[in-house]
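S.K.: Below is the structure I would like to discuss, written out as structure tokens.
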Amino acid sequence: MSETTTKPIRAETGEELDALVEEHDLVLAEFYTKGCAKCNAIEPVLGNVARATDVVVVMINPVTDLSLVEEYDVTSVPALVLFEGGERVGHLTEGFQGTEELLEFIEEHADHGPTEMAADAD
């Protein structure tokens, strides 16, 4: 397994997303659109999650690969999908979420939860 990153990765295609999901044990994907205020607001939170855990965070605009909209049931943005071991284990479409809420979401849906690497992720 590759080293995890400390900031969100930007992916352009479903193939790039698939490669990240295959390569890493825990991946949190955010589906966003340009100009979405909630998507912009959650970006620093995703950075916090990436720095505070061993979860690989990827951001992808489904407009660059429209097949992603149906494949990942993106009905609103930001949409967050959690993958563990290559499988989808969680889906969150409730708008803006803070760092603690995202950490709880990951903990709740992943078998082994995120590894806390920072004492305070906020």
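S.K.: Might you check whether a residue that is among the small types (Gly, Ala, Ser) and not in a loop (DSSP other than H, G, I, E, B) occurs anywhere in region 58-74?
M.R.: Quick first cut of region 58-74, residues among the small types (Gly, Ala, Ser) only: 67.
If we keep only those that are not in a loop (DSSP other than H, G, I, E, B) too, we end up with 67.
Yes, some residue in region 58-74 is among the small types (Gly, Ala, Ser) and not in a loop (DSSP other than H, G, I, E, B).
S.K.: For region 89-102, give me the residue count where each residue is in contact (Cβ under 8 Å) with a residue 12 or more places away in the chain and not in a loop (DSSP other than H, G, I, E, B).
M.R.: Total satisfying the criteria: 7.
Okay, residues lined up against (1) touching an Asp or Glu at 6+ places or on another chain (Cβ under 8 Å); (2) crowded, with 19+ Cβ neighbours inside 10 Å; (3) aliphatic (A, V, I, L, M); (4) at pLDDT below 95:
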site: 57; (1), (2), (3), (4): yes, yes, yes, no
site: 60; (1), (2), (3), (4): yes, yes, yes, no
site: 67; (1), (2), (3), (4): no, no, no, yes
site: 75; (1), (2), (3), (4): no, no, no, yes
site: 80; (1), (2), (3), (4): yes, yes, yes, no
site: 90; (1), (2), (3), (4): yes, no, no, no
site: 113; (1), (2), (3), (4): yes, no, no, yes
site: 117; (1), (2), (3), (4): yes, no, yes, yes
site: 122; (1), (2), (3), (4): yes, no, no, yes
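S.K.: Residues of region 21-35 being touching a residue at least 24 places away in the same chain (Cβ under 8 Å) and not in a helix (DSSP H, G or I), which ones?
M.R.: 24, 25, 26, 27, 28, 29, 30, 31, 32, 33, 34, listed by residue number.
S.K.: In this structure, is residue 38 over 17 Å from residue 66 (Cβ atoms), in contact with a Gly (Cβ under 8 Å, 6 or more places away or on another chain) and part of a loop (DSSP other than H, G, I, E, B)? Quick ask: steps written out before the conclusion?
M.R.: On the way: over 17 Å from residue 66 (Cβ atoms): yes; in contact with a Gly (Cβ under 8 Å, 6 or more places away or on another chain): yes; part of a loop (DSSP other than H, G, I, E, B): no.
The answer is no for residue 38.
S.K.: Looking at region 64-99, which of its residues are acidic (Asp, Glu), in contact with a Gly (Cβ under 9 Å, 6 or more places away or on another chain) and under 21 Å from residue 40 (Cα atoms)? Break it down stepwise before answering.
M.R.: Kept after step one, since they are acidic (Asp, Glu), are these residues of region 64-99: 65, 70-71, 73, 84, 87, 94.
Now narrow it down to the ones that are in contact with a Gly (Cβ under 9 Å, 6 or more places away or on another chain): 65, 71, 84.
Scanning region 64-99 gives a single hit, 65.
S.K.: Among the residues of region 75-87, count how many are closer than 16 Å to residue 11 by Cβ and outside any loop (DSSP other than H, G, I, E, B).
M.R.: Number of matching residues: 5.
The values are calculated or read from the model by the stated rules, or taken from the named source; none is laboratory data. On a predicted model such as this, the values are computed, not experimentally measured, just so you know. Heads up, the Cβs are rebuilt from the backbone with ideal geometry, glycines too, and the neighbour counts pull from every protein chain shown.
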